[in-house]
Each structure stands twice: as structure tokens, then as C-alpha cells.
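The values are calculated or read from the model by the stated rules, or taken from the named source; none is laboratory data. These numbers were taken from a predicted model, which means no experiment stands behind them. Neighbour counts run over all protein chains shown; Cβ positions are idealised from the backbone, glycine included. With ligands, DNA and RNA removed, areas are computed over all heavy atoms of the protein, side chains included. Shrake-Rupley method; radii C 1.70, N 1.55, O 1.52, S 1.80 Å.
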Amino acid sequence: MPISIVLSGLILTVQALSGNGLAGAAWFSVVNAINAARLALARHQLKEPGVQDDLTRVWLRLRWFGRLALLAGFTWSFLAVLTAGYTTSQASLHLIILAGISAGAVTYGSSYAAAAIYFITPPLLIAAACLLTKGTLENYILAFAVLLFEGGLARASFVGQARFRDASRLRHQAERLAAEMERNSREDHLTALLNRRGLEHAIDQFENTDGPFVAMLIDLDGFKSVNDTYGHRTGDELLARIARRIEEEAPEGSTLARIGGDEFVLVFSSLRNSPSPSNLASNLISKLARPYPGVASVRIGASIGIYSAKNPGLTEMLLRADIALYTAKRRGRNEFCLSMPSSTGNCNAASPSNAIFIRR
């Protein structure tokens, strides 16, 4: 567009100096009115949400770009009128400018060849026709050169479009691959849960969430014997089933991850409508201890370490939950321990039902 404005401005200047300024001004106004319409359409395309993903709407917009390009091409064809069929003394300058604007259209319109071809074809064909009508050998040769130039530009348009599409396809493939690799780097493929890296990223999103926050470190009891007795395939299937059971009990908006062979972490914001950590731990232990139909007749238990804090710091939460888990495991299978920060700094223990409360 800027090149078109500059070159059309040069033609306007030449026409004004040759005494044909009124016709040049009218032509200049029409050319740049069409340029303004093309620019407005492009801006609207970029601003309107969802257009890029709707192929039907994209093709509709491209057709409008093509129509405006064709209209601009016919407008530039009026150079033949301004130069009386390219017979005036300024005709050679007009032809040079026409060649420049045609080459520029192909260079900057490589993403959609039709628009460039629509633009360059009318003025170049009319220019060649005007040269042929002069009847001299030099003009025949020049007309042939114009036609050859037009054919070369048309071919360049299609080549540029093909390369643009290849480059766009490769770029989108690279973006999808990068996104997939990023997603895979945060996901545990066996259970489709987050892994430790994914958990770290999810915890970072909790910064604007109201606390306190609860981290539950769930370690399976007796799982190693499943792998030793029935093989890793059965163990993998069992882990996937266990993950689904934990998901069923997890509070809404919680984050669940598998961070080790048989260790799971459940993190959630402990609001008023959230279940208490003790009740949730009891329900999880009870649910995980039930039989697993279709899987080898094994009995799995779970020990749970729980830590509650005002701020979501993953390292501290896992460390404190791990200490609570170690305390729970010392009591045997299917136990849980709740560790809570205390202003006193003392460590007292109590055990209502199967719960141990540790205050520091």
C-alpha cells in the first residue's frame, strides 16, 4: 500500500507538470480510495475474533481481497488513457512505474497469488495492446517483453504462494509440536495426570486463589508386591484405575498429580464448601482399599500425609506432607496424618479415629 501511494503520487506529479493535473488527481483519488478499502478489509480481518479458525469466512475475505485487487488493476489500466495509449512523452516513465507496481504486488502478495495476478493482468495486457497498435518493430518487441514480464510475474506469484503455504504449514506444525512437547513434559503418560513439572506449573496458578491450601501426599501401601507378583503391566493398569478413583473423590477445582512410582499429590484450596482434609482422607483410604474388578485380586492400601498452609509453596507443602506421611506409615496401613502450621512451634499428637495431628 505505501508503495502504491508513492508511485501514484509520482504519476499525479507528472500529470500536473504536463498540464493534465485534473485527470491525474481524479485517477489518484480513485486509486487510493481502493487502497483504503483494501487496508480497511485487512484490518477488519485481523481484529474480528474467530475469523482465522473459520475457513469459510477466510475464503470469503480472500475473494473480497481478489475483487478489490482486480478493481485496482483496472484503475491502473487507465494509465493508457492518461498517456493517450502510451504515446505521450511521459509514456516511458509511466511504463516503468507500472512495471514497479506490478513487481511490488507480486512480492508483497505472495500469500494469495490470485490477488496479485488480478492486479497486474489488466494494466499489463492493456499496455501490451497499446504498444502493439503502434506498429513498429521496437514497440512489438516492447509489447512482447511486457507480456513475458506478465507471465513471469504470474508464475512467480504461484511459486511465492506455494512457498508461503509450505512455510506456514511448517510453522504451524512446529508450533503444534512445541505445544505437544510442552504438554507431554507436564503430563504423566500412564495415568494422564500431571507430573511433578506440571504440578509446579499448576501451583503457580494458585497465587491469585484464596487459601488456605491443602496438599495431600498419597502413597500406596503394598503396591510393590503387585509388580513383583503380577508384573508391571498389571501394576500400570492398577495405577490408572487408582488415579481415576482419586479423581472421583477430589474436590472441584483441585489439582492431582502423580509424582513418583506409587505417589500421588492432591492440592486444593480449602474453602468453606470444600470437604475437610480429614474426611477427604478417610474417604480416599476407604475407596482405594476396595477391590479392583478386572485386575488381579490384590488388596491395596494408602497412607496419606496432609499439610495445610496459607500460601501455596510447593516445596514446603510437599516437605511437610512427606513428614506427615512418614508419621502415618509408622502407624501401619491405611492411616493419615495432618500437619498444620502453629504459632506456638510445639509438636503435639492426638489421634481421633485414624488421624494424627502434628502442630509445629
note = Per the list (1) open to solvent by less than 60 Å² (accessible area, probe 1.4 Å); (2) at pLDDT 85 or above; (3) of a type in the set (K, R), residue check on R63 breaks on (1)
query = Do we find that L7 is surrounded by 13 or more Cβ atoms within 10 Å (Cβ to Cβ), over 23 Å from E150 (Cα atoms) and not hydroxyl-bearing (S, T, Y) in this structure?
reply = no
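Do the conditions hold for E263, that is, is it closer than 23 Å to A324 by Cβ, crowded, with 16+ Cβ neighbours inside 10 Å and at pLDDT 85 or above? Working first, answer last.
Details: closer than 23 Å to A324 by Cβ: yes; crowded, with 16+ Cβ neighbours inside 10 Å: yes; at pLDDT 85 or above: yes.
Yes: the conditions hold for E263.
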inquiry  = Based on this model, can you work out whether Q45 counts as modelled with pLDDT under 85, more than 16 Å from P123 (Cα to Cα) and either β-branched (V, I, T) or surrounded by 14 or more Cβ atoms within 10 Å (Cβ to Cβ) (or both)?
reply    = yes
ask   = Applying the selection to the range 9-41, what residues are touching a residue at least 40 places away in the same chain (Cβ under 8 Å) and either on the phi > 0 side of the Ramachandran plot or part of a helix (DSSP H, G or I) (or both)?
value = L10, I11, V14, Q15, A23, G24, W27, V30, V31, I34
task = Inspect all residues belonging to the range 192-212 and state whether any of them is more than 21 Å from C337 (Cα to Cα), more than 33 Å from the chain's Cα centre (by Cα) and open to solvent by 50 Å² or more (accessible area, probe 1.4 Å).
result = no
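Given the structure, is R183 closer than 30 Å to G261 by Cα, of a type outside the set (A, V, I, L, M, F, W, C) and loosely packed, with under 15 Cβ neighbours inside 10 Å?
Numbers: closer than 30 Å to G261 by Cα: yes; of a type outside the set (A, V, I, L, M, F, W, C): yes; loosely packed, with under 15 Cβ neighbours inside 10 Å: yes.
In short, yes.
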ask   = If you scan the range 295-308, which residues turn out to be open to solvent by 10 Å² or more (accessible area, probe 1.4 Å) and either touching a residue at least 12 places away in the same chain (Cβ under 8 Å) or not polar (S, T, N, Q) (or both)?
value = V295, A296, V298, R299, S308
query = When only residues in the range 290-306 that are under 12 Å from L220 (Cβ atoms) and of a type in the set (A, V, I, L, M, F, W, C) count, which is modelled with the lowest pLDDT?
reply = V298
